[in-house]
1. At a 10 Å Cβ-Cβ cut-off, how would you order T278, T58, fewest neighbours first?
2. Cross-link candidates for K269: which lysines have Cα within less than 19 Å, leaving aside residues fewer than 8 places away along the same chain?
3. As a test of the definition: which semi-axes, in Å, follow for the chain when you take the square root of five times each eigenvalue of its alpha carbon gyration tensor? Largest first, please.
4. How far is the Cα center of region 39-62 from the Cα center of region 318-338, in Å?
5. Springs between alpha-carbon pairs under 10 angstrom, Gaussian network model over the chain: which of M359, M111, M178 fluctuates most?
6. Suppose we look only past 16 Å in the calculated P(r) of region 294-370. What percent of the Cα-Cα pairs does that tail hold?
7. Which net charge results for the neighbourhood of L106, defined as the other residues with beta-carbon distances under 14 angstrom from its beta-carbon, given Lys and Arg at +1 and Asp and Glu at -1?
8. Please give the length that would be gained between V193 and A246 if that part of the chain were fully extended, namely 0.36 nm times their separation in residues minus their C-alpha to C-alpha distance (nm, one decimal).
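Readers should treat all values here as calculations from the given coordinates under stated rules, not as data from a laboratory. These numbers come from a predicted model, not from an experiment. Here the Cβ positions follow ideal geometry from the backbone for every residue, glycine too, while neighbour counts run over all protein chains shown.
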Amino acid sequence: MPGYARQLEEWGYDHIWCPDERFERSPYAVLTLAARATERARLGISVTNPYTRHPLITGAAVATVNEASGGRAVLGLGAGASSLFERQGIKRPSPPVTAIREAVELLRPFMRGERVDFGGRTYSFRGADIDFESRPVPIYIAARGPRLLRLAGEVADGVIIGSLTSREGLEYALENVMQGLERSNRDLSEFDVVLWAYTSIRKEKAEDFIFEMGSDFIPKDKRRIILNGDEEFFKASREYFLNHQAAILAAVELPYPDSFEQLKRLDKKLKEDYKKDTHSILTNEFMSAIDSILSLDVRSKTHSNAIKAAIEIYLIRARTGRLPDALPDGLPGDLYSGKDFKYEKTADGFTLRCRGKDMSKDEIYKYEFKVK
């Protein structure tokens, strides 16, 4: 690593980034080695997340890199890969926007050497102060979605735009960043913009490079089958994919519980075919778990429906001066069951509860709304 870092700096690169994803080498150890081999390049974590390590542990680690490099460290924070969390048995205790905002609020004073007392939705800590002399480290937020892009503009020193390489994609990203900058009374001249994009500068064997990038997910023996595939192989692979896709499209038309179970069966069949039918390899390797995508889609739409229903209830209260005794007809409902939410008045507001279960999380959601 020191040799690579030295060469990159000699070629004129002004930033060297190291990922903190899956089970790669520790970025803090790698960048500390890079610090010893370089003099000018900034050394960045691109990116870590606020869940697998407590932000204060991250803060101490990046402060160590900053110390070793003479103040050249940069910290990138992002939402993290949900697939990694699932494999590690980690549940996100709060949405990424909340967790990242709180992490930044914790890290700023901590890396200035101040004593930190903090109570938030994701983290609570009393009396934390770093045990060695530290100085501030720039914090960048990695984002694609509008809320994280706006958060980057609001609270971070820079943004790492994730793989949006078209003109339209970059315009969308910068528009949201600008909205965040307006909240903090700043403009782009006071802010760094980084684009994270996969590129290849090789002149040959581009296919091998593509598969090297995905090597964590594609076993070498399967990769070789794909690279050596002839026309008949790809025709049969296409036919397998189209049949699997048709079965998925039929499944998603079913009511949620039946749809989820059917998609689980299709996923099980795909994994069984993967062991014995080479034509299933491409479908298996490049198609995400559709049952999880379905649950995420239903979850987001149900959450949205609960908010829409609550707004209608608030409007009734604004008109009549009281909450309705029963849920009004015609409001957006619970997509898990295909029925209305269960409505209940409470001492300080009301609740809407799903009648059906999110089968991917084995959870029934309840939404609480307050009335002052």
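1. On the way: T278 16, T58 24.
Exposure proxy ranking, most exposed first: T278, T58.
2. Within reach: K222.
3. Details: eigenvalues 302, 241, 64 Å².
For the chain, the semi-axes come out at 39, 35, 18 Å.
4. Going from one Cα centre to the other spans 46 Å.
5. The residue with the greatest mean-square fluctuation here is M359.
6. On the way: 1331 of 2926 pairs.
Counting pairs separated by more than 16 Å, the tail of P(r) holds 45 percent.
7. Details: positive: R53, R101, R108, R112, R115, R121, R126; negative: E102, E105, E114, D117, D129.
Charge balance in the 14 Å sphere: +2.
8. Residue separation times 0.36 nm, minus the Cα-Cα distance, leaves 14.9 nm.
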